[in-house]
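Participant: What follows is a single structure, and I will ask about it in a moment.
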Amino acid sequence: MIECKNGLFHLRNLSLSCLLRVNRYGLLEQVHFGAPVRSEDVEALAGQPGLGWGSSLLLNDKDPGSSPDAMALAWSGSGRGDFRESPLEMDGQSTDFCYVNHNVLDTPPLMECGLPQTHGKGETLEILMEQPGARLRLYFTLYETAMTRFAVLENTGEQPIALHKLMSFSMDIYGSYTMTTFNGGWAAEMQRCDTVVGASRVVNESATGASSNQHNAGFLLSEMDATEDAGRVYGFNLIYSGNHYASARQSQQGFIRVMQGINPAHFCQTLQPGEKFETPEAVLCYSGAGWGGLSARMHKFVLNHVVPEYWSRRERPVLYNSWEGCMFDFNESRLVDLARRAKNLGCELFVLDDGWFGKRNDDLAGLGDYNVNLKKLPHGLHGLAQKVNKLGLEFGLWLEPESVNEDSDLYRAHPDWALTDRFPTIYGRHQLLLDLTKPEVRDYIVENVSKVLDSANITYVKWDMNRHSVAVGKKAHEHVLGLYDVLRRIFGPRPQILLESCSSGGNRFDLGMLCFGPQVWCSDNTDPISRLDIQGNLSYLYPQSTFGAHVSASPHAQTLRATPLSTRGNVSFFGCLGYELDLKHLAAIEVQEIKHQIELYKTYRRLFQFGTFRRMKNGWQVSLDGVTAAGVFHKLVSAAPGYEQLRLKGLDADKIYHLRTRAQKIRIGQFAHLLKHVAPVNLNPNGAVINTADKHYGLEDGVEGYRVSGAALLSGILLQPLFRGTGYDTNQRTQGDYGSNLYIVEEV
């Protein structure tokens, strides 16, 4: 609910309070943002300036507490005594926006520029502020577990305004906090970085034209002693897919100014008289229950108000993707054979990846063209889809509509459609981006992609984009708006198509893309040990139903690391499960393992995709409707390890549960040298007998089952011991490096 009285504004729900007030100088103070409080607490929460601070500039020379530099503000000007970072820069001049009036709306206004927005009912506070020649509207929308903010600047004067910076929000929070960002690069996305916020500004930004794998737009501020389950944590994110910026810095008075919006680097927008500029919507969230509490609230918000309503809690199919099995080398018969094998394993969706169009036999040619390569697919997409559907599988397709190769019919016809600058052309993966600021380019993409999607029974699209942008200034933002226009026109009329966005893996994992499709390809790196960090760190801000998570071959193409098939499956369960490897070369024991993985995943699919996600010390867990699945994962093991504990969260201490391990096999071959010493005959550890057995049989690994109280599981139970040397035992987990176990816990 939103309360407004005598210049005091209180937005509150069961999760948080945002307390604002207009002070005597017309500035908007941020009195409180955090745990729920009463409106009557405003004076105690605001604090008193006393004699103020020396050398301050004062709005009233007779009031020592009138220094803007010492105030906690929800919006700040520049050049008027507040020397902290300003959220707004225009014309290279001072800004001094003061409160005029306010309004309470049932829902936030619809943006005119085409930016994606949250959906669902959310009471909204509109605050109007003005200075000569310009009007600023600040919007605060309250949802069940989070709040969103955005700003709109209007030129009310008679001269153009040169806008160089306009943040979606700015606020001052009292306290000492650590800023957690998620950084990296291709195949190494979402690496956690913790930086104490002090007197020097801490910045999280992207300048690649996309939200970027280098710096995800989402970040956290947490108290120094915060843990997974306790302590104050703030979460912030931006509903935007372009260059973003966020900063935090602590003032002498102990206030941390935090802001987020479009990156002001190289940004310039000219507003003619009467024109407006709208910022992307920012998401602000709070929890007093640590990182886990913050994640739960963010997950609920994303599911309820960001991902398309059609897909909000609709289960995702188990898919097979052709890329790592075939790459560009395929024909119709090979694809149908793979589809038949995928169906036999239990997959529900067959996805044809890159290489189906034009002269696309490698990544040097074809992007921009949509004519099907009839040498590979003589019956076209329609004929292939029919054969796949006849097997009992849905059919999906990879597309990269934003890019063009110079070796393409499109580029030869329209070289001016490529996005370039005035310098010699630079390339990424041998390709250029199409200039989405041009209406004719957007029309071409919409027309051709729509024809492709309507030409066959296509129920899934993997939308890829594999290079960074050279667009700067006004064009960089307009390019992103062009992308949103294309996505809206293609998928708005086709909400039933499952859209998974991708950009060289997780280069565009952001809330803007999630407004159009419910999931994103996390990373081109499918090594499960790498994915523990990538998916685990994504979970701080994004629900697991947004994760594309595939099982691929081992050793992995990205790391050369050899990992057990069971671990590859166990990690991928905590997301939208898929498989991406050459099924023709699977051993019989691997076929059995994958069938079992898919069968179990289907049984507990809703739990894995939409259960409450929690991070444990040694793994992850999800819980829904009295059922919990917990994955325990290991990296490098040590000799003679001690006991390991499984300590779950969120259970009822008074209830009784049945715990069981997902049955998984271990390779006989990995013990071949040990078997040599105990077998009645002298076996060659690399010989035909061992190799044959290894393809068809496996040893049971650490199967456990208990009836146990919730109190014991909350306290922590001891698991069967890990391998300690010298032999195999059915009552131990016989695992080496990168082993794992999955436990299903159900109320009795």
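The values are calculated or read from the model by the stated rules, or taken from the named source; none is laboratory data. Treat the numbers as computed from the prediction; the structure is a model and nothing was measured. We place every Cβ from the backbone using ideal geometry, glycine too, and count neighbours over all the protein chains shown. Heads up: the accessible areas ignore ligands, DNA and RNA and are worked out on the full protein's heavy atoms, side chains in. Shrake-Rupley method; radii C 1.70, N 1.55, O 1.52, S 1.80 Å.
Participant: Among the DSSP beta bridges whose two residues both lie in the chain, what percent are antiparallel, rounded to the nearest 5?
Facilitator: Numbers: 131 of 162 bridges.
Of the beta bridges lying entirely in the chain, close to 80 percent run antiparallel.
Participant: Going down the table (343/390; 635/695; 602/655; 438/475; 343/584; 359/387), which pairs top 20 Å between alpha carbons? Walk me through the numbers before you get to the answer.
Facilitator: Values: 343/390 11 Å; 635/695 25 Å; 602/655 26 Å; 438/475 10 Å; 343/584 13 Å; 359/387 24 Å.
In this structure, 635/695; 602/655; 359/387 exceed 20 Å between Cα atoms.
Participant: Taking the convex hull of the Cα atoms, report for region 171-255 its projected area averaged over all directions, in nm². Please list the in-between numbers first.
Facilitator: Details: hull surface 23.9 nm².
Projected over every direction and averaged, the Cα hull of region 171-255 covers 6.0 nm².
Participant: So, one more: Once the Cβ-Cβ distance between residue 728 and residue 654 is put in as r, and R0 is 45 Å, what FRET efficiency do you end up with, to the nearest 0.05? Please report the intermediate quantities before stating the final value.
Facilitator: Details: r = 39 Å, r/R0 = 0.86.
About 0.70, to the nearest 0.05.
Participant: Sticking with this one: Just going by the charge dipole of region 1-104, with Lys and Arg at +1 and Asp and Glu at -1 on Cβ, which of 8, 67, 88 is farthest out on the positive end?
Facilitator: So the residue we want is 8.
Participant: How about residue 300: which lysines have a C-alpha closer than 19 Å to its C-alpha, ignoring those fewer than 8 places off in the same chain?
Facilitator: Counting by Cα, and skipping residues close in sequence, residue 300 has these lysines nearby: 121, 649.
Participant: Out of the total accessible area of the chain (probe 1.4 Å, heavy atoms of protein only), what percent is carbon and sulfur?
Facilitator: Details: 14660 of 28780 Å².
Whole-percent figure for carbon plus sulfur exposure: 51.
Participant: Starting from the Cα gyration tensor of region 485-636, take the square roots of the eigenvalues, sort them a ≥ b ≥ c, and report rounded, prolate or oblate (rounded when a/c is under 1.5, otherwise prolate if a/b is larger than b/c, else oblate).
Facilitator: On the way: a/c = 1.56, a/b = 1.33, b/c = 1.17.
Because a/c hits 1.5 or more and a/b exceeds b/c, region 485-636 counts as prolate.
Participant: Would you mind getting me the FRET efficiency between residue 606 and residue 327? Use the beta-carbon distance for r and R0 = 30 Å, nearest 0.05. All intermediate terms of the calculation are to be shown ahead of the outcome.
Facilitator: Numbers: r = 34 Å, r/R0 = 1.12.
Rounded to the nearest 0.05, the efficiency is 0.35.
Participant: For a test of the definition: using alpha carbon positions, the gyration tensor, and the 1.5 limit on a/c, classify region 617-672 as rounded, prolate or oblate.
Facilitator: Values: a/c = 2.63, a/b = 1.87, b/c = 1.41.
Cα axes put region 617-672 in the prolate bin.
Participant: Further question: Can you list the residues, at least 5 places off or on another chain, whose amide H is less than 5 Å from the amide H of residue 397, using H built in the peptide plane?
Facilitator: For residue 397, the qualifying residues are 352, 460, 461, 462.
Participant: What angle do you read, to the nearest 10 degrees and between 0 and 90, between the alpha-carbon axis of helix 528-538 and the longest principal axis of the chain?
Facilitator: The two axes meet at around 20 degrees.
Participant: Hey, another quick one. If we sort 27-37, 419-429, 644-654 on the protection proxy, mean other Cβ atoms within 10 Å, highest first, what's the order? Mind dumping the intermediate values first?
Facilitator: Details: 27-37: 20.6, 419-429: 11.2, 644-654: 15.6.
Order by mean packing, descending: 27-37, 644-654, 419-429.
Participant: Residue 481 versus residue 107, label points 7 Å from Cα toward the beta carbon: distance in nm?
Facilitator: Going by the 7 Å Cα→Cβ label model, 2.2 nm.
Participant: Would you please name the GluC sites (Glu not before Pro) within region 127-218 that are DSSP coil residues with at most 11 other C-beta atoms within 10 Å of their C-beta? List each step's numbers first, then the result.
Facilitator: Working: sites: 130, 144, 154, 158, 189, 205; in loops: 144, 158, 189.
Taking region 127-218 and a limit of 11 other Cβ atoms within 10 Å, the loop GluC sites (Glu not before Pro) found are 158.
Participant: What are the extents of the Cα atoms of region 71-131 along their three principal axes, listed from largest to smallest and rounded to whole Å?
Facilitator: Principal-axis extents of the Cα atoms in region 71-131, largest first: 39, 24, 19 Å.
Participant: Which residues among region 731-748 fall inside the zone where the amide N is under 14 Å from a point 7 Å beyond the Cα of residue 635, along Cα→Cβ?
Facilitator: Only 737-739 pass the distance filter.
Participant: Another question, then. In region 389-518, what percentage of the DSSP-assigned beta bridges are antiparallel, given to the nearest 5? The partial results should precede the final answer.
Facilitator: On the way: 4 of 14 bridges.
Roughly 30 percent of the DSSP beta bridges within region 389-518 come out antiparallel.
Participant: How much length is gained if the chain between residue 13 and residue 309 is pulled fully straight, taking 0.36 nm per residue apart and subtracting their Cα-Cα distance, in nm to one decimal?
Facilitator: Values: separation 296, 0.36 × 296 = 106.56 nm, distance 2.26 nm.
Gain on stretching residue 13 to residue 309: 104.3 nm.
Participant: With n ≥ 4 as the cut-off for DSSP H runs, can you work out [θ] at 222 nm for the chain, using -39500 (n - 2.57) per run divided by the number of residues, rounded to the nearest 500? Let's see the in-between values first.
Facilitator: Numbers: 16 runs with 156 residues, N = 748.
Taken over the chain, the calculation gives -6000 deg cm²/dmol.
Participant: Taking the solvent-accessible surface of protein heavy atoms with a 1.4 Å probe, what is the per residue accessible area of the chain in Å²?
Facilitator: Values: 28780 Å² over 748 residues.
That works out to 38 Å² per residue.
Participant: For labels at residue 176 and residue 747 in the simple 7 Å Cα→Cβ model, what's the distance in nm?
Facilitator: It works out to 4.4 nm between the two label points.
Participant: Gain in length, residue 100 to residue 695, computed as 0.36 nm per residue apart minus the alpha-carbon separation, to one decimal in nm?
Facilitator: Working: separation 595, 0.36 × 595 = 214.20 nm, distance 7.58 nm.
Contour length minus Cα-Cα distance gives 206.6 nm.
Participant: On a full-extension model of 0.36 nm per residue, what is the gain between residue 144 and residue 703, subtracting their alpha-carbon distance, rounded to one decimal in nm?
Facilitator: Details: separation 559, 0.36 × 559 = 201.24 nm, distance 4.16 nm.
Roughly 197.1 nm would be gained on extension.
Participant: Using a Cα-Cα cut-off of under 12 Å, which aspartates and glutamates could be cross-linked to residue 617, ignoring same-chain neighbours fewer than 8 residues away?
Facilitator: 228, 229, 644
Participant: Here's something else I'd like to know. Using a ≥ b ≥ c from the Cα gyration tensor of the chain (square roots of the eigenvalues), is it rounded, prolate or oblate, where a/c under 1.5 gives rounded and otherwise the larger of a/b and b/c decides, a/b for prolate?
Facilitator: On the way: a/c = 2.33, a/b = 1.39, b/c = 1.67.
Oblate is the answer for the chain, as a/c is 1.5 or above yet b/c matches or exceeds a/b.
Participant: Continuing with the same structure: For a quick check: with amide H placed at 1.01 Å from N, whose amide H comes under 5 Å from residue 123's, ignoring anything fewer than 5 positions away on the same chain?
Facilitator: Here the answer is 142, since their amide H atoms fall under 5 Å of that of residue 123.
Participant: Of the peptides 174-180, 62-68, how do they stack up when ordered by the mean number of other Cβ atoms within 10 Å, highest first?
Facilitator: 174-180, 62-68
Participant: What nm distance separates the two modelled labels at residue 450 and residue 412, each placed 7 Å from Cα along Cα→Cβ?
Facilitator: That separation, rounded to one decimal, is 2.8 nm.
Participant: May I ask you to derive the relative contact order of the chain, considering only C-alpha pairs under 8 Å and at least 6 residues apart, and to give it as an integer percent? List each step's numbers first, then the result.
Facilitator: Working: 1799 pairs, mean separation 72.5, N = 748.
10 percent.
Participant: Quickly rank 736-748, 559-571, 517-529 as a protection proxy: mean count of other C-beta atoms within 10 Å, highest first.
Facilitator: Details: 736-748: 19.4, 559-571: 21.2, 517-529: 25.2.
Highest to lowest by the protection proxy: 517-529, 559-571, 736-748.
Participant: Quick one: accessible surface of residue 301, probe radius 1.4 Å, all protein chains present, in square angstrom to the nearest 10.
Facilitator: Near enough 0 Å² of accessible area.
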